[in-house]
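Peer 1: Before I ask anything, let me first share the structure, which is written out below as structure tokens.
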Amino acid sequence: MFSVQKWKCSWSMVATVASIIVLVSVVHLFLFPVVPSLDYFSARQVQYKCVPINSSLEQSTDHVWENKPQGLNLDHRFPTDLHNGVVYRNAPWKAEIGRWLSGCDAIATEVNIVETLGGRRCKSDCSGQGVCNHELGQCRCFHGFSGEACSERLNLSCNYPGTPELPYGRWVVSICSAHCDTTRAMCFCGEGTKYPNRPVAEACGFQMNLPSEPEGAKLTDWAKADLDNIFTTNGSKPGWCNVDPAAAYDSKVLFKEECDCKYDGLWGRFCEVPVESVCINQCSGNGHCRGGFCQCYNGWYGTDCSIPSVVSPIGEWPKWLKPAHLDIPSNEVTGRLVNLNAAVEKKRPLIYVYDLPPEFNSLLLEGRHFKFECVNRIYDERNATLWTEQLYGSQMAMYESILASPHRTLNGEEADFFFVPVLDACIITRADDAPHLSLENHTGLRSSLTLEFYKKAYEHIIEKYPYWNRSAGKDHIWSFSWDEGACYAPKEIWNSMMLVHWGNTNSKHNHSTTAYWADNWDKIPSDRRGNHSCFDPAKDLVLPAWKRPDVASLSAKLWSRPRENRKTLFYFNGNLGPAYTSGRPEATYSMGIRQKLADEFGSTPNKEGKLGKQYAEDVVVTPLRSENYHEDIANSTFCAVLPGDGWSGRMEDSILQGCIPVVIQDGIFLPYENMLNYESFAVRIREDEIPNLIKILRNINETEIEFKLTNVQKIWQRFLYHDSILLEAERQQTGFGRVEDWAVEFLQQSDDDVFTTFLQVLHYKLHNDPWRLELAHLKKDYGLPPECLIRIK
């Protein structure tokens with residue numbers, strides 16, 4: 001339906017509306033997208049296969065509390081496996097959860113949602129130094145600019161105040177002896193040099209002292225600039241700012257080896273090739289990525305420029321807003337189009353994503369001093385995707401998937417969940433980047449600095465939006481990607497759902513477990529943090545860490561390697577602590593668990609030349625880096641999942657190579673452990689059982705081993721960010737016409753991934769969390785029969 005209310009319009013307004021009417025009539029109001037040859041929207045989300053269930057769809061008048069749908073006979077329809085798990089879409093879930101998903105998630109239908117596109121304007125169009133949020137009419141300013149109209153230029157120094165002993169101030173990543181770009185606190189060669197935009201990062205601009213020991217590393221003297229060298233035009237001296245790349249590649253001139261190309265958006269040994277920077281969803285094709293901040297085209301806004309306003313071309317709307325029926329209201333006072341309503345059919349759960357001020361996301365990306373920090377990809381000289389090994393890249397992957405999902409909504413009144421996008425992976429990795437980040441105000445504790453960011457985000461949403469008080473924040477979702485997850489969440493947001501990698505319930509390890517002092521949260525006062533645990537399995541969710549798409553492992557199908565080819569009984573490869581060469585020196589590292597394991601079963605001699613007390617040939621516990629790490633795991637039956645400084649990526653390594661995970665960390669939940677039935681595919685060993693570990697594993701019968709291996713082979717894709725990877729594959733094809741090997745390989749995988757699992761968890765929680773009774777008065781259409789809903793008396 002297309003309805004137009006009474007108008008008071010200018011001729012330009014009449015023309016605008018007429019053009020909309022013509023466009024809409026041509027496409028009969030249904031704006032189906034043209035399907036590309038590589039369509040991420042269809043490839044990335046396999047539609048649930050509906051299972052017909054005989055039940056009445058009439059509204060019930062019997063308002064009683066129900067946790068389980070009545071009349072669906074779920075217990076009989078969906079029996080448990082050998083370990084009381086119920087399989088839904090190839091994964092063994094905890095029985096109650098698996099039954100609800102099988103009986104209800106599978107039959108969910110689309111509901112009609114009215115999305116409102118904003119038309120508010122910003123002062124002075126943000127002076128060309130920001131993006132206008134057309135929902136709020138507020139500017140989101142680029143790095144180095146502030147004010148209502150982004151007209152105030154900031155002075156972000158690269159250096160701390162100098163002293164006679166340290167003329168450039170104490171060390172900080174941004175320390176600069178050359179030209180400081182004070183909009184970003186980044187150091188460059190500057191005017192007067194042949195390459196003024198070439199970075200002079202960290203040690204590049206300072207003198208180097210020779211090592212005091214043979215084969216030792218050079219030491220940087222942060223008190224003495226090395227301007228004579230980096231500014232030299234003499235090819236026989238190690239220069240930088242005037243070094244011609246071609247001459248240097250041909251070894252015709254010298255250059256300073258400590259200088260490199262750390263900043264994003266530049267490629268080549270001499271930063272001579274401009275390339276794509278990394279932005280959220282690469283600005284969705286509706287903007288330009290300027291170092292990490294999306295500079296949106298006219299009419300578009302949002303962190304990834306994915307939100308259209310009333311002036312955005314309708315045919316270019318994102319896929320999660322199509323097809324749509326349009327309803328254009330009028331502003332009776334001015335006759336100006338202030339919003340546009342679009343009715344779209346969507347499946348629940350629906351997620352509203354706050355468009356936070358950029359200090360919580362975009363500015364952290366734009367100002368980062370090392371291109372690999374907190375992102376899951378960078379771009380090479382062809383603008384082809386290079387996936388990173390950053391385990392914390394999962395936070396960006398999840399954020400991008402939510403923003404591009406058909407489960408996203410702009411209608412906060414219809415939303416089931418509210419996602420608050422604070423990128424703590426960027427906060428912590430950037431804590432030492434520049435003086436303006438104010439780590440010094442937190443006595444060097446990155447945990448304390450990060451808590452402050454989350455507290456400010458909370459204060460912003462309760463000031464600008466009405467949704468928090470509806471449930472006291474229980475329907476809000478926050479992401480914490482760092483080593484100890486939500487341990488340092490401010491007390492004000494603890495009611496919310498936390499997405500973490502560290503599921504420490506504090507039932508045993510009731511303190512900060514990291515051996516790195518700057519991340520320790522024990523010293524954060526309770527008036528800021530409260531006394532909450534790090535993880536509450538009743539409301540929170542542990543997600544897998546990011547793992548780089550490995551074409552070799554996927555094409556070799558390591559995850560499917562059969563039992564008879566897995567000759568190693570038990571495998572662990574990683575840091576084993578101070579008893580080994582190059583081991584972490586802290587006794588508290590890994591809470592001592594890795595050290596205890598090595599003491600019993602070490603397969604590599606320690607510093608004293610000793611093997612483990614129970615060394616066995618088919619047991620590998622070694623700190624030596626393997627050249628064929630994934631192959632070694634794929635050749636093993638059981639693989640250790642141990643903590644590091646908080647969580648580690650060993651669970652993901654095990655599952656993705658088809659190895660049965662052996663979890664040794666008491667009171668700490670692993671990915672999905674409060675949702676999936678771990679007994680169906682994993683083994684848990686108490687920390688005090690480590691001396692009996694191998695005996696326990698040898699006593700597991702072959703039937704049980706085959707059962708667990710089979711389940712691991714069914715769930716492995718739930719530990720991959722398949723959705724995010726296909727989004728990037730679509731961008732690469734659309735922007736450059738290329739389909740890389742990793743894209744081809746991932747297009748062949750179709751089982752549920754991390755994001756789909758997350759949506760399934762949300763759907764279950766939407767209808768099974770008791771506190772949802774508080775919102776029953778909202779009277780929403782959930783696209784489910786009443787038997788699947790929580791109802792109240």
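Peer 1: Which one is farthest from PRO196 (Cα to Cα), of the residues in the stretch 154-166 that are surrounded by 15 or more Cβ atoms within 10 Å (Cβ to Cβ) and not hydrophobic (A, V, I, L, M, F, W, C)?
Peer 2: For the stretch 154-166, the residue satisfying everything is TYR160.
Peer 1: Every residue in the stretch 710-729 that is surrounded by fewer than 21 Cβ atoms within 10 Å (Cβ to Cβ) and touching a residue at least 12 places away in the same chain (Cβ under 8 Å), please.
Peer 2: Hits for the stretch 710-729 are GLN713, LYS714.
For (1) among the aliphatic types (A, V, I, L, M); (2) closer than 21 Å to GLY667 by Cβ; (3) crowded, with 20+ Cβ neighbours inside 10 Å, each residue gets a yes or a no:
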residue: LEU451; (1), (2), (3): yes, no, yes
residue: ALA472; (1), (2), (3): yes, no, no
residue: ILE477; (1), (2), (3): yes, no, yes
residue: GLU484; (1), (2), (3): no, yes, yes
residue: CYS487; (1), (2), (3): no, yes, yes
residue: GLY503; (1), (2), (3): no, yes, yes
residue: ASP519; (1), (2), (3): no, yes, yes
residue: PRO525; (1), (2), (3): no, no, no
residue: GLY530; (1), (2), (3): no, yes, no
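Peer 1: Tell me, which strands (runs of 3 or more DSSP E) wholly within the stretch 241-332 include 2 or more residues that are at pLDDT below 95?
Peer 2: Result: 324-328.
Peer 1: Another question, then. When only residues in the stretch 653-682 that are β-branched (Val, Ile, Thr) and outside any loop (DSSP other than H, G, I, E, B) count, which is surrounded by the fewest Cβ atoms within 10 Å (Cβ to Cβ)?
Peer 2: Selected residue: VAL663.
Peer 1: Report every pair of residues separated by at least 6 positions or lying on different chains whose Cβ atoms are under 7 Å apart, first residue within the stretch 247-260 and free of Cβ contacts under 8 Å to residues at least 60 places away in the same chain, second among the polar types (S, T, N, Q) and in a loop (DSSP other than H, G, I, E, B).
Peer 2: That search, which allows pairs on different chains as well, returns LEU254/SER236.
Peer 1: Filtering the stretch 218-243 down to residues that are open to solvent by less than 70 Å² (accessible area, probe 1.4 Å) and small (Gly, Ala, Ser), which residue is farthest from PHE270 (Cα to Cα)?
Peer 2: ALA223
Peer 1: In the stretch 626-640, which residues are within 13 Å of ARG650 (Cβ to Cβ) and among the β-branched types (Val, Ile, Thr)?
Peer 2: Result: ILE633, single match.
Peer 1: Follow-up. Identify all residues within the stretch 280-299 that are in contact with a helix residue (DSSP H, G or I) (Cβ under 8 Å, 6 or more places away or on another chain) and aromatic (Phe, Trp, Tyr); write none if there are none.
Peer 2: Listed by number, the list holds a single entry, PHE293.
Peer 1: Could you tell me whether ARG738 is closer than 30 Å to ALA545 by Cβ, in contact (Cβ under 8 Å) with a residue 60 or more places away in the chain and part of a loop (DSSP other than H, G, I, E, B)?
Peer 2: yes
Peer 1: Tally up the residues in the stretch 544-570 that are open to solvent by 10 Å² or more (accessible area, probe 1.4 Å) and within 29 Å of the chain's Cα centre (by Cα), please.
Peer 2: 12
Peer 1: Right, next: Being open to solvent by 50 Å² or more (accessible area, probe 1.4 Å) and of a type in the set (Lys, Arg) is the filter here; which residues of the stretch 244-258 pass it?
Peer 2: LYS252
Peer 1: Give the residues of the stretch 683-706 that are open to solvent by 80 Å² or more (accessible area, probe 1.4 Å) and part of a loop (DSSP other than H, G, I, E, B), sorted by residue number.
Peer 2: The answer is ARG686, ASN699, ASN701.
Peer 1: Of all residues in the stretch 167-196, count the ones that are part of a loop (DSSP other than H, G, I, E, B), open to solvent by 20 Å² or more (accessible area, probe 1.4 Å) and touching a Phe, Trp or Tyr at 6+ places or on another chain (Cβ under 6 Å).
Peer 2: Going through the stretch 167-196 one residue at a time, the tally reaches 2.
Peer 1: A further question follows. Looking at (1) in contact with a His (Cβ under 9 Å, 6 or more places away or on another chain); (2) open to solvent by less than 20 Å² (accessible area, probe 1.4 Å); (3) of a type in the set (D, E, K, R), which is the one condition that is false for LYS765?
Peer 2: With respect to (1) in contact with a His (Cβ under 9 Å, 6 or more places away or on another chain); (2) open to solvent by less than 20 Å² (accessible area, probe 1.4 Å); (3) of a type in the set (D, E, K, R), LYS765 is out only on (1).
Peer 1: Looking only at the stretch 610-633, count how many residues are open to solvent by less than 70 Å² (accessible area, probe 1.4 Å) and free of Cβ contacts under 8 Å to residues at least 40 places away in the same chain.
Peer 2: Looking only at that region, the number is 1.
The values are calculated or read from the model by the stated rules, or taken from the named source; none is laboratory data. Here the structure is a predicted model, which means the values were calculated and not measured. Positions of Cβ are backbone-derived with ideal geometry, glycine not excepted, and every protein chain shown enters the neighbour counts. Keep in mind that these areas ignore ligands, DNA and RNA; they rest on the heavy atoms of the full protein, side chains included. Shrake-Rupley method; radii C 1.70, N 1.55, O 1.52, S 1.80 Å.
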